[in-house]
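Have a look at the structure below, then the notes.
The values are calculated or read from the model by the stated rules, or taken from the named source; none is laboratory data. Since this is a predicted model, take the numbers as computed values, not measurements. Note that we place each Cβ from the backbone using ideal geometry, even for glycine, and neighbour counts take in every protein chain shown. Just the protein is used for accessible areas: all its heavy atoms, side chains included, with ligands, DNA and RNA removed. Shrake-Rupley method; radii C 1.70, N 1.55, O 1.52, S 1.80 Å.
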Amino acid sequence: MSLANKVLASNNDLPIRSDQPVHSGKVRSVYWLTEADSRRLIADKGYDVAADAPLAIMVISDRISAFECIWKGEGGMNGVPGKGAALNAISNHWFKLFREQGLADSHILDVPHPLVWIVQKAKPVMIEAICRQYITGSMWRAYSKGERNFCGIELPDGLEKDQRLPELLITPSTKGILTGIPGVPEADDVNVSRADIENNYASFKFRDTEDINVYEKLLGEGFNLISDS
């Protein structure tokens with residue numbers, strides 16, 4: 001069997017019972033179960049959720065997503081064999097550790113297969129939660145062009161590429177395309193400041209401004225936990 005035939009490139013046409021359209025993202029597809037199947041699974045497995053909680057089957061593919069594109073290779077390679085299982089394992093490792101350390105729980109209820117999660121419905125916050133200990137990547141590219149304000153944070157002169165920063169900086173960007181926010185372009189992954197979030201917290205799906213403090217606290221604690229592991 002060729003490597004190309006070992007790639008799971010399509011994951012939105014599986015025989016999973018659902019009464020809703022399959023949501024297919026860059027690498028994952030989500031199958032929302034019927035109410036009856038959700039109730040049966042909760043009862044059979046004893047999941048710690050409400051008896052009427054909506055459940056979904058989330059299936060990851062081996063597709064490669066980067067820079068807003070799905071990448072393909074030569075010889076019919078539409079992904080990397082084992083990539084989906086590896087990504088799921090890494091994600092599940094950190095979600096599990098966050099839960100065990102009392103930081104936060106996740107949407108994952110069960111992992112019945114390396115490519116599959118059983119999940120509960122969750123409401124996302126429309127923020128890419130990013131924190132930085134070093135000046136590198138997009139921050140360095142902006143800094144090297146003379147920019148000294150990054151996500152509302154004033155940076156001093158004289159920093160060097162990959163230099164460790166005096167403190168952990170939280171530099172969020174938008175998750176998805178958000179509309180109607182003053183000063184924030186309607187595009188994915190746009191850098192935003194804390195003031196942008198505070199002044200438009202509902203648009204970013206925060207319940208109130210205090211939730212912003214909780215998000216920053218958990219982000220810092222999660223970063224430290226990963227750094228120390």
Accessible area (Å², per residue) of the chain, counting only protein heavy atoms and a probe of 1.4 Å: 60 Å²
Computed [θ] at 222 nm, helices only, for the chain once each DSSP H run of length n ≥ 4 contributes -39500 (n - 2.57): -8500 deg cm²/dmol
Highest to lowest packing among 208-217, 48-57, scored as the average C-beta count within 10 Å: 48-57, 208-217
Rounded FRET efficiency, nearest 0.05, which uses the C-beta distance separating Q20 from L225 and R0 of 45 Å: 0.80
Non-local Lys pairs in the chain, i.e. 8 or more apart or on different chains, that have alpha carbons under 18 Å apart: 15
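Taking the square root of 5 times each eigenvalue of the Cα gyration tensor, what semi-axes in Å does the equivalent ellipsoid of the range 3-120 have, largest first?
Details: eigenvalues 151, 67, 25 Å².
For the range 3-120, the semi-axes come out at 27, 18, 11 Å.
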Length-normalised contact order for the chain - Cα pairs under 8 Å, 6+ apart - percent: 14 percent
Separation between Cα centres of the range 1-70 and the range 135-208, rounded to whole Å: 32 Å
Computed E for A50/I177 - FRET, C-beta separation, R0 30 angstrom, nearest 0.05: 0.40
Percent of Cα pairs exceeding the 17 Å cut-off, where the set is the range 8-59: 38 percent
Cα gyration tensor, the range 127-228 - rounded (a/c under 1.5), prolate or oblate: oblate
Spin-label pair H107/K6, simplified geometry with 7 Å Cα→Cβ offset, distance in nm: 3.0 nm
Length added when fully stretched, A195-K96, from 0.36 nm per residue minus Cα-Cα: 32.4 nm
Positive-end extreme of charge dipole, the chain - chosen from Y47, L103, P81 (charges on Cβ): P81
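With the full set of protein chains in place, find how many percent of the accessible area of the chain is carbon and sulfur; take the probe as 1.4 Å.
54 percent
I need the peptides 147-156, 123-132 ranked by packing, meaning the mean over residues of other C-beta atoms within 10 angstrom, with the highest value on top.
Final packing ranking: 123-132, 147-156.
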Over the range 90-154: Rg over Rh, Cα atoms, Kirkwood Rh: 1.15
Cα gyration tensor shape for the chain, rounded if a/c is under 1.5, else prolate or oblate: prolate
Amide H within-cut-off set for Y134, under 5 Å, with H built and near neighbours excluded: L165
